[in-house]
Amino acid sequence: MTRLTTALAVALALTVPAAALADQPTSTDQKNAAKECKALRKAMGDVNFTKAYGTNKNGKNAYGKCVSKKAREEASERSDAAKNAAKQCKAERSDPNFASTHGGKTFEQFYGTNKNGNNAYGKCVSLKAKANKAEADAQDKAVVNAAKTCRAEQKLDPVAFKNKYGTNANKANAFGKCVSKTAKAQNGS
């Protein structure tokens, strides 16, 4: 019975979908998250940063919580970028009008880099995933820039800032509301 249980556990472990592993943060995700959190802490100021990310009594865990959250977001963005790229390339590859919108070239001719173009799909996915990830990174940068803008406004008149942006009873959500509104405005959303 023990052998059967062990064999079953090994079999189940080997069938973990690759997609589940793709969402796991890598060391690059951790490094990018650390940079983003440092920029956010600087842009937001210590008090706002601690309120936003700290979960223990004194908020001393804010930086670690931020890095953890942002690393998971990085991994998810990377995974989503690849999934979306694959969908985009499948759609392009099956588009009967592809050549008419790409200078008369077929999908294989447009994306392929070897003599018969059989690497076209992989090249397409790679290009689109990079572009999708760059777009997500630009959105992250917009949030940091929005935080800087909001922090400057908050420093000018904290009471007016709370009254302008705060929506809950004690207006404690003012900074987050400001960042959200400002980031959307900067992105043109």
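Give the range 25-40 a look and list any residue that's in a helix (DSSP H, G or I) and not hydroxyl-bearing (Ser, Thr, Tyr), or say none.
So the first thing to find is which residues in the range 25-40 are in a helix (DSSP H, G or I), and the list is 27-40.
Listed by number, the residues that qualify are Asp29, Gln30, Lys31, Asn32, Ala33, Ala34, Lys35, Glu36, Cys37, Lys38, Ala39, Leu40.
Residues considered: Thr106, Thr167, Thr182. Of these, the only one that is among the β-branched types (Val, Ile, Thr) and over 27 Å from the mean Cα position of the chain (by Cα) is Thr106. When Glu108, Glu135, Glu73, Glu77 are checked against the criterion of being out of contact with any strand residue (DSSP E or B) (no Cβ under 7 Å at 6 or more places or on another chain) and farther than 30 Å from Lys31 by Cα, Glu108 stands alone in meeting it. Residue count for the range 168-189, restricted to those that are more than 30 Å from Glu135 (Cα to Cα) and either without any contact (Cβ under 8 Å) to a residue 40 or more places away in the chain or touching a Phe, Trp or Tyr at 6+ places or on another chain (Cβ under 7 Å) (or both): 4.
Any residue at all in the range 77-100 that is in contact with a Cys (Cβ under 6 Å, 6 or more places away or on another chain) and either under 20 Å from Ala146 (Cβ atoms) or not hydrophobic (A, V, I, L, M, F, W, C) (or both)? No, every residue in the range 77-100 fails to be in contact with a Cys (Cβ under 6 Å, 6 or more places away or on another chain) and either under 20 Å from Ala146 (Cβ atoms) or not hydrophobic (A, V, I, L, M, F, W, C) (or both). Counted as qualifying within the range 77-189 are the helices (runs of 4 or more DSSP H) with 2 or more residues that are under 30 Å from Thr50 (Cα atoms), touching a helix residue (DSSP H, G or I) at 6+ places or on another chain (Cβ under 7 Å) and of a type outside the set (Gly, Ala, Ser), namely 120-156, 158-165, 174-187. Answer with yes or no whether Gly59 is of a type in the set (Gly, Ala, Ser), part of a helix (DSSP H, G or I) and modelled with pLDDT of 80 or more. Here the answer is no, as Gly59 does not meet what is asked. For the range 32-73, a tally of residues being polar (S, T, N, Q) and surrounded by 16 or more Cβ atoms within 10 Å (Cβ to Cβ) returns 4.
The values are calculated or read from the model by the stated rules, or taken from the named source; none is laboratory data. Bear in mind that the values here come from a model prediction, so they are computed numbers and not experimental data. Counting neighbours? That spans all protein chains shown, and the Cβs are built from the backbone with ideal geometry, glycine included.
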